[in-house]
Amino acid sequence: MAKSASKKPTQAIIRAFNVGFGDCFLLTFVYASGNRHVLIDYGSTSAPVNAAKDHMMRIAKKIGELTDNKLHVVVATHRHKDHISGFATNAKGNGTGDVIASYKPDLVLQPWTEDPDIPEEASGPKAFAGSLHNMNGFSAGVAAFAGTLTEKRMEALGFSAREKQFLGFIGDNNVANLSAIKNLMGMGKKTRYLHAGMDAGLKALLPGVTVNVLGPPSIDQHEEVETQNPKNQEEYWHLAATNGNGMSRRAAPLFPKFVGKPPLHASWIAQRLARLQKETLMGMVRRMDKAMNNTSLILLFRAGGKSLLFPGDAQWENWQFALSKPEWVKLLKDVDLYKVGHHGSLNATPKSLWNLFGKKSAGKPKPGNLTSLMSTEHGVHGEKPETAVPRSTLVAELEEHSHHHSTEALPMDQDYVEIIFEL
């Protein structure tokens with residue numbers, strides 16, 4: 001374990017890297033004895049427009065420059081490709097994940113669902129974690145199936161070009177990136193798998209900084225995390241009264257028949273996907289994607305009177321538990337920086353959460369008002385306006401009532417948005 005920094009931090013520097021459709025944040029706490037660095041996610045499914053082929057490698061090296069080649073903490077909020085693909089290694093040992101590992105993090109934080117030592121049970125945590133892992137074979141099939149959709153076949157099956165793109169994206173995003181997962185398990189001196197309310201284990205590494213783990217809840221804490229509600233007019237940023245996805249209000253548990261029985265291989269699934277009705281397939285892939293988001297870590301960093309909220313891609317069922325705790329609600333009212341959940345999606349910024357933020361501006365944002373920070377890219381996720389990411393209704397609120405920053409607005413010669421808080 002690294003030696004403790006002296007006293008308390010005097011600044012918090014937040015850098016949001018432009019990785020296209022993905023997340024990569026470097027949180028630096030400035031101490032008199034030296035800076036401490038926390039990398040939160042490092043992945044992408046779609047590079048920025050006109051980005052060079054080595055864009056992610058350039059960011060990996062830039063992280064090294066900014067940290068003097070030393071990371072103290074790495075956080076992987078959840079297993080989606082757009083959050084962990086940059087941690088992938090290769091046989092030559094010169095992949096982006098190899099570069100990040102060379103910065104020798106003292107601690108790696110992941111959600112409880114990634115813990116390889118979850119106790120064996122017939123149902124409950126082990127079964128849920130197993131179903132999440134079994135998604136990977138299904139996801140490969142979805143991605144392969146999307147690749148087979150010629151114009152003629154799309155027309156016969158009733159798929160639009162946008163829906164084909166959506167299937168390919170969701171399938172690819174959920175395919176396990178095994179080298180990244182293995183790298184995350186082994187790169188730190190220590191790894192902690194967290195659920196809501198746990199001690200993050202950061203007191204020695206980040207003196208003077210309190211870190212509250214607000215999510216994800218375990219199944220014992222909140223069984224709703226196993227399911228996904230596709231429609232919630234009160235909480236989600238709908239454009240109209242319905243999102244038109246043809247799903248029931250409460251989705252069933254994720255692939256219960258496949259727990260312990262993963263599909264044999266992608267081609268086997270791809271053959272059968274073609275036989276499914278379009279509505280069934282679209283509903284399944286939405287549930288698959290969103291269930292994984294409900295495993296996201298939600299971390300609240302507090303230091304020097306400032307509160308910085310990083311919720312990964314946490315969606316309603318994850319937030320529902322956090323918002324049921326009066327002591328956490330009190331903390332959330334005082335947030336200074338909000339990392340916008342799931343790239344600005346329909347249900348990752350519940351309206352009850354947004355309404356809690358006490359530092360939103362009434363008119364034009366002024367010093368001291370809420371800062372919002374979003375990493376996103378239009379046209380990648382969401383097959384129609386009602387499900388597009390980012391949500392136009394949410395973005396309008398962010399721009400009107402906070403100091404809003406988006407990586408998508410960066411020029412190509414600028415790698416990151418930088419925000420500084422005096423502590």
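What are the residues in segment 179-202 that are at pLDDT below 95 and among the charged types (D, E, K, R), if any?
Across segment 179-202, the qualifying residue is only LYS182.
Tell me, yes or no, whether segment 349-362 has at least one residue that is open to solvent by less than 50 Å² (accessible area, probe 1.4 Å), within 19 Å of ALA12 (Cβ to Cβ), among the aromatic types (Phe, Trp, Tyr) and assigned to a strand (DSSP E or B).
Within segment 349-362, not a single residue is open to solvent by less than 50 Å² (accessible area, probe 1.4 Å), within 19 Å of ALA12 (Cβ to Cβ), among the aromatic types (Phe, Trp, Tyr) and assigned to a strand (DSSP E or B).
Please determine whether any residue of segment 51-59 is outside any strand (DSSP E or B), touching a Gly at 6+ places or on another chain (Cβ under 8 Å), touching a residue at least 40 places away in the same chain (Cβ under 8 Å) and farther than 13 Å from HIS83 by Cα.
Scanning segment 51-59, I find at least one residue that is outside any strand (DSSP E or B), touching a Gly at 6+ places or on another chain (Cβ under 8 Å), touching a residue at least 40 places away in the same chain (Cβ under 8 Å) and farther than 13 Å from HIS83 by Cα, so the answer is yes.
Just to be sure I understand, how many residues within segment 292-311 are closer than 25 Å to THR113 by Cα and touching a Gly at 6+ places or on another chain (Cβ under 7 Å)?
Adding up the residues that qualify gives 4.
With the structure loaded, tell me whether VAL19 is in contact with a Lys or Arg (Cβ under 9 Å, 6 or more places away or on another chain), crowded, with 18+ Cβ neighbours inside 10 Å and closer than 22 Å to LEU297 by Cβ or whether it fails that test.
Values: in contact with a Lys or Arg (Cβ under 9 Å, 6 or more places away or on another chain): no; crowded, with 18+ Cβ neighbours inside 10 Å: yes; closer than 22 Å to LEU297 by Cβ: yes.
Against the criterion (in contact with a Lys or Arg (Cβ under 9 Å, 6 or more places away or on another chain), crowded, with 18+ Cβ neighbours inside 10 Å and closer than 22 Å to LEU297 by Cβ), VAL19 does not qualify.
MET57 is checked against (1) open to solvent by 10 Å² or more (accessible area, probe 1.4 Å); (2) farther than 17 Å from THR376 by Cα; (3) more than 21 Å from the chain's Cα centre (by Cα) and fails just one. What number does that condition carry?
Looking at each condition in turn, MET57 falls short on (3).
Which residue pairs have Cβ atoms closer than 7 Å, lie 6 or more positions apart in sequence or on different chains, and pair a first residue in segment 328-355 that is at positive phi and without any contact (Cβ under 8 Å) to a residue 60 or more places away in the chain with a second residue that is open to solvent by less than 10 Å² (accessible area, probe 1.4 Å) and among the small types (Gly, Ala, Ser)?
That search, which allows pairs on different chains as well, returns HIS342/ALA348.
Confirm whether PRO105 is open to solvent by less than 10 Å² (accessible area, probe 1.4 Å), modelled with pLDDT of 80 or more and in contact with a Pro (Cβ under 6 Å, 6 or more places away or on another chain).
Numbers: open to solvent by less than 10 Å² (accessible area, probe 1.4 Å): yes; modelled with pLDDT of 80 or more: yes; in contact with a Pro (Cβ under 6 Å, 6 or more places away or on another chain): no.
Criteria not met by PRO105.
Being among the basic types (Lys, Arg) and at pLDDT 95 or above is the filter; apply it to segment 10-55 and report the residue that is nearest to THR407 (Cα to Cα). Can you show your working first?
We begin by selecting, within segment 10-55, every residue among the basic types (Lys, Arg); these are 15, 36, 53.
Applying the additional criterion that residues be at pLDDT 95 or above yields 15, 36.
On the way: ARG15: 10, ARG36: 23 Å.
This residue is ARG15.
Identify, from the list LEU346, LEU410, LEU370, the residue that is among the hydrophobic types (A, V, I, L, M, F, W, C) and at pLDDT 95 or above. Write out each step before concluding.
Details: LEU346 fails: at pLDDT 95 or above; LEU410 fails: at pLDDT 95 or above.
Of the residues listed, the single one that is among the hydrophobic types (A, V, I, L, M, F, W, C) and at pLDDT 95 or above is LEU370.
The values are calculated or read from the model by the stated rules, or taken from the named source; none is laboratory data. In this text, all values refer to a predicted model and were calculated from it rather than measured experimentally. Glycine also receives a Cβ, built like all others from the backbone with ideal geometry; neighbour counts cover every protein chain displayed. For accessibility, only protein heavy atoms count, side chains too; no ligands or nucleic acids. Shrake-Rupley method; radii C 1.70, N 1.55, O 1.52, S 1.80 Å.
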